[in-house]
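Scroll down for the structure; my scribbles are underneath it.
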């Protein structure tokens, strides 16, 4: 898991440890940890792009189908905040594995998640 420099330089050691715990819990399929991760203070600007990148990495590791299922019980407000971070993570993270320029769009990279967020 890549944690961008601009995210962790704004954290105390205690906050960094909490961030790591949330990432591990999220990878262990804890939907509440994903929501807590979404709400984690990112320091603004590039730090929030890095937080979005972490969330996209979690989606890739869990799989889009499972992530959609995991988030299916969340309210619209929680999903909206998650959507914004995913867009940032796709645009500014290093997720462009196949070199296609349009993969930084949620609707292209995670079409099922995109549809579920539009409910």
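The values are calculated or read from the model by the stated rules, or taken from the named source; none is laboratory data. On a predicted model such as this, the values are computed, not experimentally measured, just so you know. Counting neighbours? That spans all protein chains shown, and the Cβs are built from the backbone with ideal geometry, glycine included.
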* How about the range 1-36: which of its residues are modelled with pLDDT under 90 and assigned to a loop (DSSP other than H, G, I, E, B)? -> 1, 2, 3, 4, 9, 10, 11, 12
* **the range 49-67: number of residues that are surrounded by 24 or more Cβ atoms within 10 Å (Cβ to Cβ) and not in a helix (DSSP H, G or I)** => 0
* Pick from the range 37-48 the residues that are surrounded by fewer than 22 Cβ atoms within 10 Å (Cβ to Cβ) and not in a loop (DSSP other than H, G, I, E, B): which of them is nearest to the chain's Cα centre (by Cα)? -> 48
* Asked: Being assigned to a helix (DSSP H, G or I) and modelled with pLDDT of 90 or more, is that true of even one residue in the range 71-81?
  -> yes
* Asked: Of the residues 28, 32, which is out of contact with any helix residue (DSSP H, G or I) (no Cβ under 9 Å at 6 or more places or on another chain), surrounded by fewer than 20 Cβ atoms within 10 Å (Cβ to Cβ) and more than 20 Å from residue 8 (Cβ to Cβ)?
  -> 28
